[in-house]
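Asker: I have a structure here, written as structure tokens, and I will follow up with some questions on it.
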Amino acid sequence: MPRLPIIRLGKEPDRQALPEMIAAAPSLALEGLAVGVDNLRHDVALSPRFVEAARAQVARLIVRHGELEGMLAAEAPQQNQAPSWMRNTAAKSTRHPAEKSDWKLLLAELLLAALNRAKKEENISVDLLARLAVTKFLRAEMHHQFAQMLERCRVLLKSYEGIRQQGKAVEYRERVAAFQVRKKIILRKTGQDLFETLREIEKETLARMRRSLFGEAKTEETKTGGTKTGEDKASEARVGEKKIGEPGSAGLASYGLFLNRLAFSEDGRDDYLCAEHYVMLGNWDRDPDRYPRMQDIVSGFIRSLFGEETTAEMIDAWLCAPGNAQALVGTGTPDDSTMEGVAQKNRLATWVRLLEDEQVIECVIASYHAVPLLGEYAPRINPQQLKNALISRPECDRVERMIQEHGKLSPSSLYAAVGKVAGCRGTERAKLAARFLQDFSQYHRDLRRLETLNATLDSVNLVSTDKLRQLSHINGTLYEFLLPEEQQPEEERVLRHVVLKADVRDSTRLTRTLMEKGLNPASYFSLNFYDPVNKLIGKYGAQKVFLEGDAIILAILERTGEPELAVSRACVLAREIIEIVRGYNTLMQRSGMPGLELGVGITLQEAAPLYLMDGEHQIMISEALNESDRLSSCNKRARRVMESQAGPFHVFVFEAADAEPMKDEAESPEDSIVSYNLGGIRMNEAAFRKLEQEISLVPLAAKLPPSIAASDKGEYKLFSATVPVDRDIFRRIVVRQSRVPRIKVEDFSVRGWTNRSYYEVCTDPAIYAALENKKAATA
């Protein structure tokens, strides 16, 4: 549609009296919330008790507005033959009216609990998420319950198909047909009842509680001057938009989106809803007062006042503040004794002339005079037909015939309304024009709020299955909004986790050797490795993550409120595993059986692990799993070279000096690392730094005997510490920090030193014996 012509108001001084306009921008941003398991939406689970009560309430409303009470009362004898879900729904929808107040109480308790949780977490987005989830659930439940009621009616009709009950069958078929035809009306009335309940709770409880917990909400509106130049106004509008989006203001201001009568409508274009609370605009293509055209007319009026440089974005923001309409044209009866009143009178006259020139003033007047007719003639006669009948003679004749055909209706009210529209002149016409500008602005604002609400609802995932609920819960991404009596003591949140992997060296060769001797490899691994390790798991608060033929992976979770000793205990656990296997190896060698060789890796990740579900089993997902696998590995070439000269140290890390430079970002420094880990325990740097925080690491100033020290060709540091395992149990560990040498892979000759370090939890008895001897000597 072409832009409407700019209408000038006369002399330039008149423009100096323009009021200060307010810019509003409906918005809703969920900040600081975890994304659900689909990585797109926020997973939400609502209280089971609330869900049951809400479904019963929605069912009652649909039955009442669908005028099905009497019909469903006849359903009682048939309930025993109906499916169980239908019998349950029937019972809930026919409860005593006194029980209906329970639903409002439960809704208030749920929303209050969500608000208190938001305060506890210092994040208003938590409460906004709860409001969004409730809105989305109620919207979906309206359509679901309507479909269930329709199915109940169909089942009831089948039971009345007998010859003797033919009269009842005809009556019930007509009522069911009317129920289907009136679906939009029934859903609209149901939605308005739900909205009224939510608004009552907001006014009675939630608004005051929210002010108490979070303070006064900053308005979503920003003033922009009306007497400044166009450039100044555009600049101020942009500044206003930024202010609207400031952290802390948008969250509280977003609650206006839920106090919107259009929140439970399909698209906000309902004739009855608009007629009762806004203004009924045209819906048909031939109607001159359709919403897009009226928006263009209003925009043209505003540009005629503020100048052609006024952008569409500015006008849209101004229309979202209904107070601007009254500031521009008043209430229709401006006070001539003030300068502001004179200016409003002039602007109102211009507005009326514009509506007349665009030939929509009669439509505006008819929209208001058609409202009283809806209760008498609708829904038998379409609201748009009633409105057009007031301004079009052919349409009036058509509606008159429809009224006469019905028989029980009288056209007298229609005739009276036609006379009022035809006689609307002067002051009355100006009043309706001013009222229309404000009503249109309010409708425009609520449409924008509805669009914002609908867009944000797409980011909420109402978890519907127990499997998905469990998966989201164990991953820490589920937001459960429960009633106070349903809330369980909060589980201590997982802050970080340590993964320990014990890997058996050359398990294939070992299995083949045992089978050649006629022995059972499964029982050998079980008795000498898995069973002893299983006995240690509970002692250190570890859990089994994965078990495979030649390795076992354990995890220690560190939760809030617990002693932060996850890495310390993992080190002692790893050392005990090595010692136990070493003891069994001694026994096995005496019997002529091969021994087990292990490599252990310990990795800390500063976050909770994630999980996926395999049926009823949880499968951990963590970067620490892959890193622990690397730390526990042993390069075959490094083993051949180092096995004879390792001494009491069992972990060595080298960097290949002749490795090719990294060619892309996918490669990492680990690609050039050569690891040796035979009977040792290697930890990553994050675990070592955490170990320094958990316990006191005392540097060992004394040098080890040359026979021990000579095994490490580079500089190293040793730290000693005592780890509390239980109230009266303490274990000593020695940690070695050494630099990573750069070597020639062919002969492992040192070519230089890197700035990187690696860390070993020493396991050799010689080191601990040397420390004990030194301690005894100084005692």
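The values are calculated or read from the model by the stated rules, or taken from the named source; none is laboratory data. Keep in mind that this is a model prediction, so the values were computed, not measured. No Cβ is skipped: glycine too gets one built from the backbone with ideal geometry, and neighbour counts run over all protein chains shown. These area figures cover heavy atoms from the full protein model, side chains too; ligands, DNA and RNA do not enter into them. Shrake-Rupley method; radii C 1.70, N 1.55, O 1.52, S 1.80 Å.
Asker: Rounded to whole Hz and in sequence order, give me ³J(HN,Hα) for segment 432-442 from the Karplus expression 6.51 cos²θ - 1.76 cosθ + 1.60, θ = phi - 60°, writing x for Gly and Pro.
Answerer: With the stated coefficients, segment 432-442 comes to 5, 5, 5, 5, 4, 4, 6, 5, 5, 4, 5 Hz.
Asker: Between E400 and D267, with labels modelled 7 Å along Cα→Cβ, what's the label distance in nm to one decimal, could you check?
Answerer: Here the answer is 3.5 nm between the modelled labels.
Asker: Also, quick follow-up: Could you pull out the trypsin sites (Lys or Arg not before Pro) across segment 260-305 that fall in loop regions by DSSP (anything but H, G, I, E, B) with no more than 10 other Cβ atoms inside 10 Å? Before the final figure, lay out the partial values.
Answerer: Numbers: sites: R261, R269, R286, R290, R293, R303; in loops: R261, R269, R286.
Counting only loop positions with at most 10 other Cβ atoms within 10 Å, the trypsin sites (Lys or Arg not before Pro) in segment 260-305 are R286.
Asker: Can you pull the accessible area of W284 for me, 1.4 Å probe, Å² to the nearest 10?
Answerer: Around 80 Å² of this residue is reachable by solvent.
Asker: Moving to a separate point now. So if R0 is 22 Å, what FRET efficiency would E516 and E548 give, r being the distance between their Cβ atoms, rounded to the nearest 0.05? Mind showing how you got there, number by number?
Answerer: Details: r = 23 Å, r/R0 = 1.03.
So the FRET efficiency works out to roughly 0.45.
Asker: Please report, as a whole percent, how much of the solvent-accessible surface of segment 466-580 comes from carbon and sulfur atoms (probe radius 1.4 Å). Don't skip to the answer; put the middle values down first.
Answerer: Numbers: 2750 of 5500 Å².
Looking at segment 466-580 in its full context, I get 50 percent from C and S.
Asker: Can you list which of the trypsin sites (Lys or Arg not before Pro) found in segment 437-546 are DSSP loop residues with at most 14 other C-beta atoms within 10 Å?
Answerer: Working: sites: R445, R448, R449, K467, R469, R493, R496, K501, R505, R509, R512, K517, K535, K539, K544; in loops: R493, R505, K517.
Passing both the DSSP loop test and the Cβ count: R493, K517.
Asker: Compute the length gained on full extension between A769 and S523: take 0.36 nm times their separation in residues and subtract their Cα-Cα distance, giving the result in nm to one decimal.
Answerer: Values: separation 246, 0.36 × 246 = 88.56 nm, distance 3.38 nm.
Answer, rounded to one decimal: 85.2 nm.
Asker: Related question: Take the alpha carbon atoms of segment 374-450, find their center, do the same for segment 548-584, and report the distance between the two centers in whole angstrom.
Answerer: 79 Å
Asker: Keeping every protein chain present and rolling a 1.4 Å probe, give me the accessible area per residue for segment 281-413 in Å². Could you put the intermediate results ahead of the total?
Answerer: Numbers: 5720 Å² over 133 residues.
That works out to 43 Å² per residue.
Asker: Grab the Cα-Cα distance for E451 and S410, subtract it from 0.36 nm times how many residues apart they are, and report the gain in nm with one decimal. Mind dumping the intermediate values first?
Answerer: Working: separation 41, 0.36 × 41 = 14.76 nm, distance 4.08 nm.
Result: 10.7 nm gained on full extension.
Asker: If each of V155 and Y530 carries a label point 7 Å out from its Cα toward its Cβ, how far apart are those two points in nm?
Answerer: Each label point is offset 7 Å from its Cα along the Cβ direction, giving 5.1 nm.
Asker: Taking the Cα centre as origin and putting +1 on Lys and Arg beta-carbons and -1 on Asp and Glu beta-carbons, what dipole magnitude results for segment 486-591, to the nearest 20 debye?
Answerer: Working: 15 positive and 15 negative charges, 131 e Å.
Its charge dipole is roughly 620 debye.
Asker: Right, something else. Please sort by residue number the GluC sites (Glu not before Pro) in segment 455-555 whose DSSP state is loop and whose Cβ has at most 15 other Cβ atoms within 10 Å. Please report the intermediate quantities before stating the final value.
Answerer: Working: sites: E480, E485, E486, E490, E491, E492, E516, E548; in loops: E490, E491, E492.
Loop-located and lightly packed - E490, E491, E492.
Asker: Ordering S410, S47 by how much accessible area each has at a 1.4 Å probe, largest first, what is the list? If you can, show how the numbers build up before the last one.
Answerer: Working: S410 50, S47 0 Å².
I get S410, S47, largest accessible area first.
Asker: Just to verify a number: FRET efficiency for A657 and E685, C-beta to C-beta distance, R0 = 25 Å, to 0.05?
Answerer: On the way: r = 22 Å, r/R0 = 0.88.
My answer for the efficiency is 0.70.
Asker: If packing is taken as the average number of other Cβ atoms within 10 Å across a peptide's residues, how do 748-761, 374-387 rank, most packed first?
Answerer: On the way: 748-761: 15.9, 374-387: 18.5.
Sorting 748-761, 374-387 by mean packing, highest first, produces 374-387, 748-761.
Asker: Can you give me the relative contact order of segment 407-564 as a percent, contacts being Cα pairs under 8 Å and 6 or more apart? Don't jump to the answer; show the numbers that get you there.
Answerer: On the way: 75 pairs, mean separation 37.4, N = 158.
Result for segment 407-564 is 24 percent.
Asker: Which whole-Hz couplings ³J(HN,Hα) result when phi for each residue of segment 368-385 is put into the Karplus expression 6.51 cos²θ - 1.76 cosθ + 1.60, θ = phi - 60°, listed in order with x for Gly and Pro?
Answerer: Residue by residue, segment 368-385 yields 6, 7, 7, 4, x, 7, 4, x, 8, 10, 7, x, 4, 10, 4, x, 5, 5 Hz.
Asker: Moving to a separate point now. Under a 1.4 angstrom probe, counting protein chains only, how are K717, K408 ranked by accessible area, largest first? Could the numbers behind the result be given before it?
Answerer: On the way: K717 125, K408 180 Å².
Output order, biggest surface exposure first: K408, K717.
Asker: Taking 0.36 nm per residue of sequence separation and subtracting the Cα-Cα distance, how much length would be gained by fully extending the chain between A607 and E69, in nm to one decimal? Write out the running numbers ahead of the final one.
Answerer: Working: separation 538, 0.36 × 538 = 193.68 nm, distance 5.58 nm.
That pair, A607 and E69, stretches by 188.1 nm at full extension.
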